[in-house]
Amino acid sequence: MDTATYAAITDLCARLAGRVGDDLLETVRTHYACGEPYLAESALVLTLAYEGIGLTGAERALLAPTLDPDGLADLARVPHVERAPGPFYRFAPRGPADAPDPGPLSGVWAEVAPAHGGVVLYRAWREPLPGAPDAARWAHLLSVRADADPLAAQAGLCSTAHVRLRDTSPLEVLAEGVAVRPYQAALVAGAVVVWSAQAGPWRGAWRFP
């Protein structure tokens, strides 16, 4: 994947966060990271068309150049929207009393983040608003260096969470210096920092708020 296409796909996925299901978005990003763009595009475009999730003209322009004729035909079935809806979630630094303990997952991701160019790891409790595709749960965002590979980082951290904890919580990865889209901005605004590169290597002793 060339640099321009990579940037376009990464931006499109960031724009769709919170509008499509967590599982779909992780699948799409992982397929792209693994060099399987056809699988990524098929999963994304067919789901958008089937579920009636619209794309703006700008979003369609990010995706269309990567599609073959069959993909373009499927894209034509995806609804058009003039303006992307705002995030379908609100974010808070702490969850309710019955929320699952986020410490184990935050710890695993803090441990492996440096290997992927991690800079800061944020965590927030994500509460759905009307129209949200997923239920309430913890959400994380990892900022990475500008020269890091955000798709590979997202795939690597999520794979580690699956293997170690059987956890499928959502993760956003944002490279420094790129435009911050509404979902990621809302997440960070409502989050706490649970790890940063300035704190040094992970030593298994972090106390999570």
Quiz item: Based on what the data block shows, is residue 152 small (Gly, Ala, Ser), out of contact with any Ser or Thr (no Cβ under 8 Å at 6 or more places or on another chain) and open to solvent by 30 Å² or more (accessible area, probe 1.4 Å)?
Solution: yes
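Residue-wise test of (1) more than 16 Å from the chain's Cα centre (by Cα); (2) free of Cβ contacts under 8 Å to residues at least 24 places away in the same chain; (3) open to solvent by 20 Å² or more (accessible area, probe 1.4 Å).
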| position | (1), (2), (3) |
| --- | --- |
| 6 | no, no, yes |
| 9 | no, no, no |
| 14 | no, no, no |
| 29 | no, no, no |
| 42 | yes, no, yes |
| 53 | yes, no, yes |
| 58 | yes, yes, yes |
| 61 | yes, yes, yes |
| 67 | yes, no, yes |
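For the structure I just gave you, tell me whether residue 98 is open to solvent by 10 Å² or more (accessible area, probe 1.4 Å) and either modelled with pLDDT under 95 or under 21 Å from residue 26 (Cβ atoms) (or both).
Values: open to solvent by 10 Å² or more (accessible area, probe 1.4 Å): yes; either modelled with pLDDT under 95 or under 21 Å from residue 26 (Cβ atoms) (or both): no.
Answer is no for this residue.
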Exercise. Being in a strand (DSSP E or B) and of a type in the set (Asp, Glu) is the filter here, so list the residues in region 99-132 that pass it.
Key: 127
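Tell me the residue from 143, 106 that is within 17 Å of the chain's Cα centre (by Cα) and over 21 Å from residue 10 (Cα atoms), please. Spell out how you get there, then give the answer.
On the way: 143 fails: over 21 Å from residue 10 (Cα atoms).
After ruling out the rest, the residue left standing is 106.
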Exercise. Might you check whether a residue that is in contact (Cβ under 8 Å) with a residue 24 or more places away in the chain, under 21 Å from residue 3 (Cβ atoms) and in contact with a Gly (Cβ under 7 Å, 6 or more places away or on another chain) occurs anywhere in region 123-138?
Key: no
Quiz item: Would it be correct to say that residue 120 is farther than 27 Å from residue 45 by Cα, out of contact with any Lys or Arg (no Cβ under 9 Å at 6 or more places or on another chain) and aliphatic (A, V, I, L, M)?
Solution: yes
Quiz item: Restricting the search to region 69-90, which residues are open to solvent by less than 20 Å² (accessible area, probe 1.4 Å) and within 18 Å of residue 22 (Cα to Cα)?
Solution: 89
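Could you grab me the full set of residues in region 1-21 that are in a helix (DSSP H, G or I) and of a type in the set (D, E, K, R)? Break it down stepwise before answering.
First, pick out the residues of region 1-21 that are in a helix (DSSP H, G or I): 3-16.
11, 15 - these are the residues of region 1-21 that are in a helix (DSSP H, G or I) and of a type in the set (D, E, K, R).
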Self-check item: Residue check, residue 47 touching a helix residue (DSSP H, G or I) at 6+ places or on another chain (Cβ under 9 Å), of a type in the set (Val, Ile, Thr) and surrounded by 20 or more Cβ atoms within 10 Å (Cβ to Cβ)
Solution: no
Exercise. Considering each residue of region 117-137, count those that are crowded, with 20+ Cβ neighbours inside 10 Å and farther than 18 Å from residue 14 by Cα, and give that number.
Key: 2
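The values are calculated or read from the model by the stated rules, or taken from the named source; none is laboratory data. These numbers come from a predicted model, not from an experiment. Ideal geometry is used to build each Cβ from the backbone, glycine not excepted, and the neighbour counts take in all protein chains shown. Heavy atoms of the whole protein, side chains included, go into the accessibility calculation; ligands, DNA and RNA do not. Shrake-Rupley method; radii C 1.70, N 1.55, O 1.52, S 1.80 Å.
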